[in-house]
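Presented below is the structure to which this report refers.
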Amino acid sequence: MIYDENDIDFLNLTDRQFEELCFDLLLSMDYQGLVWRQGGSDSGRDIEGRRTVNNPLIGSYHEKWFFECKRFEKGIPPEKLNSKITWADAENPQHLVFFISSYLSNNARTWIEKIASNKSYAIHTIEGKGLKRILVGLPDIVKNYFSDPYSKLLLEHRRSWLIHNIIPEPETIFLLANNLDLNRLSADEMAFFWCSSKIRSEEIDRWIEDNEPFYISEFFQPLAKLSNMHNSVLFDISQISPIQLIAGATPYDLIYPQYIAARLGIETSKKPREALYSFVRDSEGEGLEVLIEATSDFPTKIRYVPKHARNEQHKALKIIKSFWKQ
């Protein structure tokens, strides 16, 4: 999923969720011994941890870090920070960090600047804008706290495929087709949805007969723009074990009705893994070939075929069938 700072609204979180987000952020940054002091007296910090510093001159040593999380809509005044400074004076960490969802008030900023030089520890303030910039580089955290329910649904089903070899049912594909924001999807997310839909084509056609029609043709061009292969996506796979193969034409795709779709077992030096494959085309010679593999990084191959897609589709079908006979 692709995110930007506009997707992050700290006010949609509770105070506890904001603390949890900060805790997850620190987990991703190699802090050790993290303790989240939930509920009751927090002894001057919401989170405590340590960090190992490797110094080539004197060797490794540990630093103690205190983290305080403040979810505010407006500027934070000095009195909301003062008790945390008092606790740090008593506990003597090496660093005190304020995670602030909004910003420091002018008085708070001036006050911290005046007292910082007299402290035995460093005081750091990470305000809302800076915190958002950090989080945008950690899409898994943003996904957990800020993504819409349909994005989460897609990611949950992709995980189910990775772990259990289960792809979405027609009802789920219907929901996703009507609610996903294409502009926010990564190549592997689009590829997973696209291939799953094509493999379910026959079931979707039956489902539509009793329900509301829907279309996924709008995914074709965004995927085509992400093309990363010149030859067939099957070209460099040495051993394939076909699991499921369907081919035909769907009456509910008026632009790219001709398709082949497959679930493939791909042999590797370590262990076999599943892949989803599809090749669709129109009647004018334009086509799209996609393959996504079930590993943690979901490697995705996409080939846009601007012409002669009929011939290329027949070649791909022949390749898959040749492995089926072996």
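Odds and ends about this structure:
- Filter result (out of contact with any helix residue (DSSP H, G or I) (no Cβ under 7 Å at 6 or more places or on another chain), closer than 21 Å to Leu254 by Cβ and either part of a loop (DSSP other than H, G, I, E, B) or at pLDDT below 95 (or both)) within region 275-326: Asp282, Ser283, Glu284, Pro306, Lys307
- For beta carbons closer than 7 Å, sequence separation of 6+ or different chains, a first residue in region 274-289 that is in contact (Cβ under 8 Å) with a residue 60 or more places away in the chain and charged (D, E, K, R) and a second that is surrounded by fewer than 24 Cβ atoms within 10 Å (Cβ to Cβ) and part of a loop (DSSP other than H, G, I, E, B), the qualifying pairs are Glu274/Asn165; Glu274/Ala294; Glu289/Ser232; Glu289/Val233.
- Region 126-137, subset over 18 Å from Glu73 (Cβ atoms) and in contact (Cβ under 8 Å) with a residue 24 or more places away in the chain, residue surrounded by the fewest Cβ atoms within 10 Å (Cβ to Cβ): Arg133
- Residue check, Glu202 surrounded by 13 or more Cβ atoms within 10 Å (Cβ to Cβ) and either out of contact with any helix residue (DSSP H, G or I) (no Cβ under 6 Å at 6 or more places or on another chain) or of a type in the set (A, V, I, L, M, F, W, C) (or both): yes
- Selection status of Tyr259, surrounded by 13 or more Cβ atoms within 10 Å (Cβ to Cβ), of a type outside the set (S, T, N, Q), within 26 Å of Asp205 (Cβ to Cβ) and in contact with a Pro (Cβ under 7 Å, 6 or more places away or on another chain): no
- Any hit, region 106-120, residues being of a type in the set (A, V, I, L, M) and either in contact (Cβ under 8 Å) with a residue 40 or more places away in the chain or in contact with a Phe, Trp or Tyr (Cβ under 8 Å, 6 or more places away or on another chain) (or both): no
Residue-wise test of (1) among the basic types (Lys, Arg); (2) in the same structural domain as Glu20 (by TED's automatic domain parsing); (3) closer than 30 Å to Asp181 by Cβ.
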position: Val53; (1), (2), (3): no, yes, no
position: Tyr61; (1), (2), (3): no, yes, no
position: Cys69; (1), (2), (3): no, yes, yes
position: Leu81; (1), (2), (3): no, yes, no
position: Glu91; (1), (2), (3): no, yes, no
position: Lys114; (1), (2), (3): yes, yes, no
position: Ala122; (1), (2), (3): no, yes, no
position: Leu135; (1), (2), (3): no, yes, yes
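- All positions within region 100-125 that are buried (at least 17 other Cβ atoms within 10 Å of the Cβ) and out of contact with any Gly (no Cβ under 9 Å at 6 or more places or on another chain): Trp111, Ile112, Tyr121, Ile123, Thr125
- Filter result for the condition that a residue is in a helix (DSSP H, G or I), aliphatic (A, V, I, L, M) and under 24 Å from Ser296 (Cβ atoms), over Ile243, Ile134, Ile166: Ile134
- Of all residues in region 216-226, those that are under 14 Å from Val280 (Cα atoms) and either of a type in the set (Lys, Arg) or not in a helix (DSSP H, G or I) (or both) total 1.
- Exactly one residue out of Arg273, Arg310, Arg281, Arg303 is in contact with a His (Cβ under 8 Å, 6 or more places away or on another chain) and among the basic types (Lys, Arg), and it is Arg303.
The values are calculated or read from the model by the stated rules, or taken from the named source; none is laboratory data. Since the structure is predicted, the reported quantities are computational estimates derived from the model, not experimental observations. When we count neighbours, we look across all protein chains shown, and the Cβ atoms used for this are built from the backbone with ideal geometry, even at glycine.
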